[in-house]
Amino acid sequence: MTHDPTPHHTVTVVSCPRCDGSPAAACPRCGGAGKRRAQFVLTVANIDTAAVASANVVPGAVTPTRTDDGRFWCLDLAPVVDDLAAQVGAAHVYDPELPGEPIFAPWAELPAGWQPDLPDHQRHALEAGPIAGEGYEPWRIWYGRSAAPPPPDPARRLGELCETAELLCLDLVVEARRDPLAPDSDRFRWDVRFELPGSPVPAGTGRYGSFAEAATRVSVARACYELVDRSQHAPAHYVTPRPASGISLGPPPVDADQLERRIVADCTALLTGEPTPGAHAIWRDGRWWHTTLRTTSTDTSTNTDAGTSTDTAVRLARSWQPPPPSWQGPPIPHRRCPDCTHLPHWEDCDCEPIGGCRTCGGSHRIYHGATVTIAAGRRRVRHLNWPPLGGTPPATPPWIGYHPGGKAIHQLPPEYQLTHHLTALGLDPTELATLDGLTMHLRDHELLHGYTTVHRPGSNPVTAYLKNVTNGHPGGRILLHATPPKVPPLATVVKLAYALGLALVVSVADHRRNDGIPYQVQGLRWGIRFAPPDTTTHLDRWNPGAHQPSLPKAIAQALEHLRNASDVTVPTDPTTPVPAPTNLDDHAGEPGGAGDARPDNGTPDPVPALTALATHHPGTAVTVLLTPRRCEVHLPDGPHHTKLIATAATLDGAVTAVTADI
């Protein structure tokens, strides 16, 4: 296998394989032009060192190989990606949008007439069509890390998830469900997930085709994914975990083979031999509990203008439930959401157009208590039970101010303020995020500082606080973590953008003057986006806004959404080749270069200069456009526009121009 990594200045154009060259078809792959370029670019970028290498895939650039069965010739580009990873010193390669999933390198079958002994022009003509067919994503970028994760091991991974479930006071569920595409076969779809005890069986099947795949590819974030949706009707209980001395100091041993065999066996009824819809293994209280799944049906009546209609929903349920967990405390009191009760069935609540009731966040309950779980790393977890304040009459927190409309603002005691607990744990409040990956928005100030607003005279501030902070958190459980994402420093991200031929747009706002003022944005806020190099004329579109409370979160968001910028830079004219960026020559012989896992220290840290610009304009999001040849500073000019206030060759020069009021 060989490939040519050098850019080609000419590109072969062929009729679009999808619409057969008919412009009237308005094919989404060719934009209605009827033509496609027989070229695409593969890039691997080591985000630890900013080393970038690319391969230009055109006819003749890659040596075809036989398929495994020997029937066809094909272009298998997996070795090309492996070679690029080696060039940039990446031991692990992943997709920016799917960091936990394996990458799929392009693969194209060649026409039957292709033979290695044909003349070059004939071979290249036969290769052009398949390459154009794979060119629907003309520039494919994968990230690399200098250090590789440990090799996948189902037993070790499940043991770590069991330990995490114990610490978080959740169930770990391993599910096998018969493949809906082949219900009469022994093919199963697998899933590994966290659940609140008492949650119903989700409607959808697992995303993995084998037990080993599910056990090795799932992460804590993936196991928490959609936890809110599937736990909406779970019973609400406070958490009373066992004493620390009773918690295992390491992951429990898991016999993965035995666990898989038992789950598969439970997919067949023991007495009749009939297939069951599936089975569960539930890790709770230090052991596995096994149950089969059975089919249930629920009749739902709906009143319409034409009369009453009845729909029958077929669902799955567990054949039996394991005993309640030992850490399950008293029930959390709640009442039904008043804005959902007018509907004939809770699941049909659509009183908010974008999904979920704004009063209860989709849980259909108003909670009068909460349990907050804070995780920092794998083995540092704290559970906070927040009941209503007692006393007769109930204690009322002091008011600390008023909104402009006259509504009173109260602040609850320190035990209801997350900043109090985070400080005691030595954690950074700006790194707080939900375990299921959802962004904390309007209620983060309330959770951090214990603020609550009384909307009606005489209302209980504590009741209002608990209602607001549990909005959208089923079971009254608020699951948080305070672990910063593992991202490179901003200087490396700047260098990465330049290596890819992109610009970097950074917004920073200094709200530190608001510290201690209720319901005001506080601290430094960041926003980062990759952008096309000619962003000056379109900065309003690429302005990231300063919304993230920490710089690592902003960097993580930018790295995840790199494709938003890279797709725009691809030339729309199919006769114009896609550039193939590389900067390996720049890294030769320097620390952090290709093959060197040490971080690059040659790029100045831009954080102090960016912070100085924000401090000079407090309370305003200052947006800085960084390119290799110029730096621009912009300020907001209305809700959707910015205005240029300084241009310089370097960031330090722009700071000097702004702070000198030139």
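Observations
- Largest accessible area first, the listed residues Tyr143, Tyr498 line up as Tyr498, Tyr143 when surface is computed with a 1.4 Å probe on the assembled protein chains.
- With every protein chain in place, region 428-537: carbon and sulfur % of accessible area (1.4 Å): 56 percent
- Annotation: average projected area of region 409-535 is 10.5 square nanometres, based on the convex hull of Cα atoms across all directions.
- Scattering curve values for the chain, log₁₀ I(q)/I(0), Debye with Cα scatterers, q = 0.06, 0.12 Å⁻¹: -0.44, -1.43
- Candidates His420, Val88, Leu271 compared by Cα position along the dipole of the chain: farthest toward the positive end lies His420, with charges placed on Cβ.
- ³J(HN,Hα) computed for each position of region 110-116 - Karplus, 6.51 cos²θ - 1.76 cosθ + 1.60, integer Hz, glycine/proline x: 8, x, 4, x, 6, 9, x
- Counting protein heavy atoms only, region 38-180 has 56 percent of its accessible area on carbon and sulfur, 1.4 angstrom probe.
- Solvent exposure, largest accessible area first (probe 1.4 Å, DNA, RNA and ligands not counted), of Thr642, Thr63, Thr452: Thr63, Thr642, Thr452
- For Arg284, distant residues with modelled amide H under 5 Å away: Trp289
- Separation between Cα centres of region 435-512 and region 52-86, rounded to whole Å: 43 Å
- Computed over the alpha carbons of region 43-133, Rg followed by Dmax gives 15.1, 44 Å.
- Positive-end residue of Ser507, Val521, Leu551, charge dipole of region 500-569 with Cβ unit charges: Val521
- Those lysines that a straight Cα-Cα span of less than 30 Å connects to Lys643, excepting residues fewer than 8 apart in one chain: Lys495, Lys553
- Taking a Cβ cut-off of under 14 Å around Ala155, the surrounding Lys, Arg, Asp and Glu residues balance to a net charge of -3, with basic ones at +1 and acidic ones at -1.
- 1.4 Å probe accessible area per residue over the chain, in Å²: 47 Å²
- Kirkwood hydrodynamic radius (C-alpha pairs) into Stokes-Einstein, region 478-560, 4 °C and 1.567 mPa s, D in µm²/s: 93 µm²/s
- Residues whose placed amide H lies under 5 Å from that of Asp179, excluding near-sequence neighbours: Arg187, Phe188, Arg189
- Distant-in-sequence amide H partners of Ala503 (H built 1.01 Å from N, under 5 Å): Ala531
- Using just its DSSP H runs of length 4 or more, each adding -39500 (n - 2.57), the chain gives a mean residue ellipticity at 222 nm of -6000 deg cm²/dmol after division by all residues.
- DSSP-loop trypsin sites (Lys or Arg not before Pro) across region 31-131, with at most 14 other Cβ within 10 angstrom: Arg71
- Over all orientations, region 100-151 has a Cα convex hull whose mean projected area works out to 6.1 square nanometres.
- A simple spin-label model places pseudo-atoms 7 Å from Cα toward Cβ; at Asp534 and Gln258 they are separated by 6.6 nm.
- Whichever lysines have a C-alpha closer than 26 Å to that of Lys407, once near sequence neighbours (fewer than 8 apart) are set aside: Lys467
The values are calculated or read from the model by the stated rules, or taken from the named source; none is laboratory data. Note that the coordinates shown come from a computational prediction; the quantities given were computed from them, not determined experimentally. Every residue, glycine as well, gets a Cβ built from its backbone with ideal geometry; the counts of neighbours run over all protein chains shown. Side chains included, ligands, DNA and RNA excluded: accessible areas come from the protein's heavy atoms. Shrake-Rupley method; radii C 1.70, N 1.55, O 1.52, S 1.80 Å.
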